[in-house]
Amino acid sequence: MEEKKSTHWLDALSDGSAGLTTISSCMSVCDLQCNNYYKLVTAEIPLKIPEKRPPRLRVYKGNQVINDQALPGIASSVQSLYIDENEPKMPIIAVSVGPSIFFYRNMKAYFKYTIPSLMIEPLEQEIWRKLVVERQVNYEKLINDLKTMNFSQMSSLSQKLISLSESEREEFIRENSEPKLTRLSTIVCMTTIYKNIEEEKEPNCLIIVTEASDIFIMDIQNFGILHTARVCSFKATPDLISASGSYQNDYKIIISTREGSICILRKNWLEGREIVKLERAATSMSLLQIDQTIVVLSKSLMCYSKKGKMLWSLNMNDTVMCMCPVPLPHLGVSMICVALKNGLVQLYSQKNLIDQFQVGDTVLAMYFGKLGLEEQVLVLVTINGNLLIKILKRTADFSNPMVTDKKVEDEPSDMKIAIPKKSKIFVEQTVREKENAIAIHNIFQSELWRMRLEAAKVTVDILRTGDSTFSGDLQTPIKLLAQCDGLGPDFLLTLTLENISATKIVTNLSIIIHANPNHYKVDKQSVDLTPLVPGIPLITDFNVSIQITSENLLPPDMTLENSIIRVLIVKEKFAKPLIASTVVMPQPELQMLGTI
Amino acid sequence: MVFGKMFMKILNKDRRNKQISILIIGLNNSGKSTIINYFKNKDDRKFVSVPTIGFNVEHFENQGISFTAFDYSGQGRYRNLWEHHFKTCNGIVFVIDSSDRMRLVVVKDELELLLQHRDIKRRRVPILFFANKMDCIDALSSVKIAAGLNLEKIDNKPWQICSSNALTGEGLQNGVQWLTAQIRECQQTKELPHE
Ligand SMILES: Nc1nc2c(ncn2[C@@H]2O[C@H](COP(=O)(O)OP(=O)(O)O)[C@@H](O)[C@H]2O)c(=O)[nH]1
Ligand SMILES: [Mg+2]
C-alpha cells in the first residue's frame, strides 16, 4: 500500500464532533469582523430528510462556533461580498434559500430579496379574472380549464386552488379577490464578481442563477439588477457556477447544467453559449483565475479552454465527490484538489499527481485559501460531519511529482503543423518588400532607435527609483541584503550578496555605492567581488559617516527622505545593473552628535 | 528597569565589547512588536533601524545588546534571510499567541524546524517562551501549550515558558530575568576552557 500520509500539511483540526454537514457552495470564508482573522461562514445542509429542526447558519473561528442561527430553509449558496469602499471594509453575507436571498451584516439579517416572478400565462390570468368577477357561476368549468394547464407552469396561487377541496374553494377565491399571481423559480447557485477594481475587499456584484435558467447580476449597494441574461438558448437546468472579472471592465460567467452542458456568458451578452457537452453532468466546476481555463470534475477530471477545447483529462480511480483549485503562486504551481468517495484526497498539477492523503470518510465540501491568520489552508467537511483544517507547511515543496503507475489519458492530439501555402497575400507581400526596400529599411532603423531609447529610459528609471533586492535577470540570480548598524554619525553598512541559483557561479561582480557626498562619507565607492558561489553569501562592510558640520550638526539639507544610500550591483560588460537598491539610513542619535 | 539595563548589570560589566544578540521570533500577530515596544518605551529609547528587505523584521540595539524580531510568515521564501542570525544569537525569545488555537500546529512545526536547524541543534541556547495574550478568554494555559508543543522533549537547552500580557507587561519581567540568568551562565561556561 502506498504512503497515504502527506508531509506537506499540518493538521490544525480534525473535529469529529463538529456535526457540520454542508457542500462547497455553502461555505464562504471572509474577514468577517475586519480584523484580518478570516472566518468560515457556512450553511448546514441536512442530509437526513426530513430533519425536524431548521438548518443552521454558523460562523467558525478556527474550530469554535462563534455564531449560530437558524435559517428559514435549506440554502443553495452562501457568499460573502463587499458593498462599498467605506472603511472599515466589512463584508456582508448573502444566503440563498428558495427564491430569496437573505443578506446579513454583522451576522444579523437585514434584507430579504426575492427574484422577479416568471411569466404568468394569459390563460391563467384570464381564468382568475373570471373567477373573481363571475363568482360561483362557473367555478367548476374555470377550475377544470385551470387543470388543463401544466402544473409546474402556473402560479403558486393556482396550484393551491387546484389542490383544495370543493368546499374550500369559494372561501379561498374570496380571500384572494385581488389575486397576486406570481411564479417564482428557485435560486440554484450564486457567485460574485468585482464591481470595478479587481482586488480583494473591493466592492462586488452578486450573480444569481435560477432553476428557470435566468441569470441576474445584482448591484448589492441598492439591490438593483444591473443585467439579466439567459443561461443558453435551449432548455436546461443550471447547477454550478464560476465567474471571474469585474462588471465594469470585463467578466466571464461559466455555468454547468444538470444535462451536462457547460455554457459561457460574457459581458453584455443576453444569452450564454454552450461550449462543452459532457456525457455526465459535472459534480464540480471551476474557472481558474490564473489561466482562465475551466476545470470540470465529472467522471474524470478535465480541463477546457474558454472556447471549449479539451486541454487534458485524467481518469479517476473512484467516484468523485468535490474539488477546489489550490493556487500556490509562491511555489509557482497551481493545483486542483480532488476528493474521492473512498476518502482519498488528491492534489494534481495538471495531470500529475503531486500529493495525496487519506481522511477517515468521504469529503463532501472543501475550500482552499485564507483562514484565520494563515494564507494557505485546506478546509474539508465530510459526510459524517467532521470538520478538518489542514494548513500548508511553510516549507512545503511540491517540485517532485509523486511516482504513480497511473496511466495518463491520451491527449486529444492535433500535432499537425500548419505550413502556410504560398498564398496570394504572401506573393504580394514579397513584391511589396522588393519595391519598397529602402522605406522599409528606414522604418526598421527608426523603430530600432526608438526601442533603444526606450530601453535607456527604463534603465535610467531603474537606477533612479529601483529598489529591488533581487536580481531580475535569470542568468544571474543573486540576492542582496543590507543591514545598517551603529548609533551614528558613524554607521556600519553590511551588504550580503547571495547567489540563489542552484549551480551557476556568478563572476565579475562589483558593488557601487552611491551617496550624496555632502551627506555621507563612505570608505569605499566600489568593491570588486570574488566569484559568487551558490549558497555561500559574501559579506562586505562599508564604513559610512555622516558629514557633520563644524557646529556638530547634521548637513543642512539632510532630511529623513534623502537619508539614503544607493547600492548598485553591476556585472562586467553589462550596461544595466543587476540590482539597484536603496538603503534607508537611520537618523543618528542627537546625543551622540553632541558627544563628539 | 528593563531588558537593556538588566542585561547591562548582569552581563556587560566585564564584556563591554562583545555584542549579545537576542532573537525574538514567533508567528505574525503573536505580539513580538508589542513586547519590543514595551521594553523600548520604558527605557531611554535608542534608535530603530528598519532594514531594506521586504519582510517583517524589527531591530533595536540597547547598550551592546541587539534585539532582532522576525515574523515567521510568508511561505518559505524568506527563510534563509533570517536563519543566518541563528549562528550568532545568544538567546531566543519565542512568542506564542495563546489564543490562536488553530495555529498551535504551525507554532509546533516552526519550533521543530528551529530546534533541528544546524546552527541551533547542538548549541546550548536558552529559549524563553512567552505564552502571550494570556488575558484573552480563549487563551490556552502555559501548561497546555508546553504539553502541546512537547517542550519537555527539549533536553540540551535551558527553556522556560511564561504566560504574558504584552499590553500590560505582565509576565515579561519574570521571563527576561530567567533569560538573562541563563545567558550569563552559558557565557561563563563557554569561557572556562580559555581561562
Ligand atoms: N489581548 C492581547 N493582545 C495583545 C497582546 N500582545 C499583543 N497583542 C495584540 O496583538 C496584535 C499583534 O501584536 P504585534 O505585536 O503586532 O504582533 P507581531 O506580529 O508578533 O509583532 C496587536 O493588535 C496587539 O495589540 C496581549 O498580551 N494581549
Ligand atoms: Mg510585528
Using a simple spin-label model with points 7 Å from Cα along the Cα→Cβ vector, what separation in nm is obtained for A:Lys504 and B:Thr189? 4.7
Probe 1.4 Å, protein heavy atoms only: A and B together bury a total accessible area in Å², to the nearest 100, of 2900
Sort largest first and round to whole Å: the equivalent ellipsoid semi-axes of region A:170-237, each the square root of five times a Cα gyration tensor eigenvalue. 33, 17, 9
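Please give the per residue accessible area of the protein assembly as shown, computed with a probe of 1.4 Å over protein heavy atoms only, in Å². Mind showing how you got there, number by number?
Numbers: 39650 Å² over 791 residues.
Here the residues of the protein assembly as shown average 50 Å² of exposed surface.
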Nearest 10, in degrees from 0 to 90: the angle of helix A:424-435 to the longest Cα principal axis of chain A is 30
For helix A:437-465, what angle does its Cα long axis make with the longest principal axis of chain A, in degrees from 0 to 90 and rounded to 10? 80
Dipole-positive endmost among A:Phe491, B:Pro126, A:Thr503 within the protein assembly as shown (Cβ charges, Cα centre): A:Thr503
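In square nanometres, what is one fourth of the surface area of the convex hull spanned by the alpha carbons of the protein assembly as shown? Write out the running numbers ahead of the final one.
Values: hull surface 197.1 nm².
The orientation-averaged projected area of the Cα hull of the protein assembly as shown comes to 49.3 nm².
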For A:Gln292 and A:Thr549 in the same chain, what is the full-extension length gain: residue separation times 0.36 nm, less their Cα-Cα distance, in nm? 86.4 nm
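Dividing the convex hull volume of the Cα atoms of region A:478-595 by its residue count, what figure in Å³ per residue is obtained?
Details: hull volume 11.8 nm³, N = 118.
It is 100 Å³ per residue.
In whole percent, what relative contact order does region A:124-238 give with Cα contacts below 8 Å and a gap of six or more residues? Don't jump to the answer; show the numbers that get you there.
Values: 140 pairs, mean separation 17.9, N = 115.
Answer for region A:124-238 is 16 percent.
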If amide hydrogens are placed 1.01 Å from N in the peptide plane, which non-local residues have theirs closer than 5 Å to the one on A:Arg258? A:Thr237, A:Asp239
Quick one: putting +1 on the C-beta of Lys and Arg, -1 on the C-beta of Asp and Glu, what dipole do you get for region A:514-562 around its Cα centre, in Debye to the nearest 20? 120
Can you tell me the 0 to 90 degree angle between the C-alpha axis of helix A:166-175 and the longest principal axis of chain A, rounded to 10? 50
Beyond 22 Å, the calculated P(r) of region A:1-91 holds a percent of Cα-Cα pairs equal to 41
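What's the average, rounded to a whole number, of partner chain beta-carbon atoms within 10 Å of each residue's beta-carbon in A:506-518? Intermediate results must be reported in sequence, preceding the final value.
Values: counts 0, 0, 0, 0, 0, 0, 0, 0, 0, 0, 0, 0, 0.
Per-residue shielding by partner chains comes out at 0.
Would you tell me the mean number of C-beta atoms belonging to other protein chains that fall within 10 Å of each C-beta in B:104-115, as a whole number?
3
May I ask for the Kirkwood hydrodynamic radius of region A:99-257, worked out over all distinct Cα pairs and given in angstroms to one decimal? All intermediate terms of the calculation are to be shown ahead of the outcome.
On the way: mean 1/r = 0.0549 Å⁻¹.
It is 18.2 Å.
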Using modelled backbone amide H atoms (1.01 Å from N, in-plane), which distant-in-sequence or interchain residues come within less than 5 Å of A:Lys39's amide H? A:Cys30, A:Asp31, A:Leu32, A:Gly372
Given charges at beta-carbon only (K, R positive; D, E negative), |dipole| of region A:478-595 in Debye: 640
For peptide A:477-489, the mean count of other chain Cβ atoms within 10 Å per residue Cβ is 3
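Given the pairs A:Lys89/B:Lys144; A:Lys52/A:Lys341; A:Lys61/B:Lys133; A:Lys89/A:Lys306; A:Lys267/A:Lys309; A:Lys370/B:Lys157, which span a C-alpha to C-alpha distance of over 24 angstrom in this model? Walk me through the numbers before you get to the answer.
Working: A:Lys89/B:Lys144 36 Å; A:Lys52/A:Lys341 28 Å; A:Lys61/B:Lys133 17 Å; A:Lys89/A:Lys306 33 Å; A:Lys267/A:Lys309 21 Å; A:Lys370/B:Lys157 35 Å.
Beyond 24 Å between Cα atoms: A:Lys89/B:Lys144; A:Lys52/A:Lys341; A:Lys89/A:Lys306; A:Lys370/B:Lys157.
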Virtual paramagnetic centre 7 Å along Cα→Cβ of A:Thr319, amide N under 19 Å, in region A:49-80: A:49
With Cβ to Cβ distances under 9 Å as the rule, what net charge do the other residues near B:Gly26 carry (K, R +1; D, E -1)? -2
List every residue whose amide H lies under 5 Å from the amide H of B:Val95, counting only residues 5 or more places away in sequence or on a different chain, with H placed 1.01 Å from N in the peptide plane. B:Ile25, B:Gly26, B:Phe130
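When the convex hull of the Cα atoms of region A:77-121 is projected onto a plane and the area is averaged over all directions, what value comes out in nm²?
3.9
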Got a sec to turn the phi values of region B:128-136 into Karplus ³J(HN,Hα) couplings, 6.51 cos²θ - 1.76 cosθ + 1.60 with θ = phi - 60°, whole Hz, x for Gly and Pro? 10, 9, 9, 7, 7, 6, 5, 6, 5
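Mind pulling up the Rg/Rh value for region A:122-175? Radius of gyration and Kirkwood radius, both on Cα. The partial results should precede the final answer.
Numbers: Rg = 10.1 Å, Rh = 11.1 Å.
Using only Cα positions, Rg/Rh for region A:122-175 is 0.91.
Using a simple charge model, +1 on the beta-carbon of Lys and Arg, -1 on the beta-carbon of Asp and Glu, nothing else, what dipole does the protein assembly as shown show about its Cα centre, in debye to the nearest 20?
Working: 92 positive and 88 negative charges, 190 e Å.
It works out to roughly 920 debye.
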Relative contact order for chain A, counting Cα pairs under 8 Å that sit 6 or more residues apart, in percent: 9
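The values are calculated or read from the model by the stated rules, or taken from the named source; none is laboratory data. Nothing here was measured: the structure is a model prediction, and the numbers come from that model. No Cβ is skipped: glycine too gets one built from the backbone with ideal geometry, and neighbour counts run over all protein chains shown. For the accessible areas, the whole protein counts, side chains as well, though only heavy atoms, and no ligand, DNA or RNA atoms are used. Shrake-Rupley method; radii C 1.70, N 1.55, O 1.52, S 1.80 Å.
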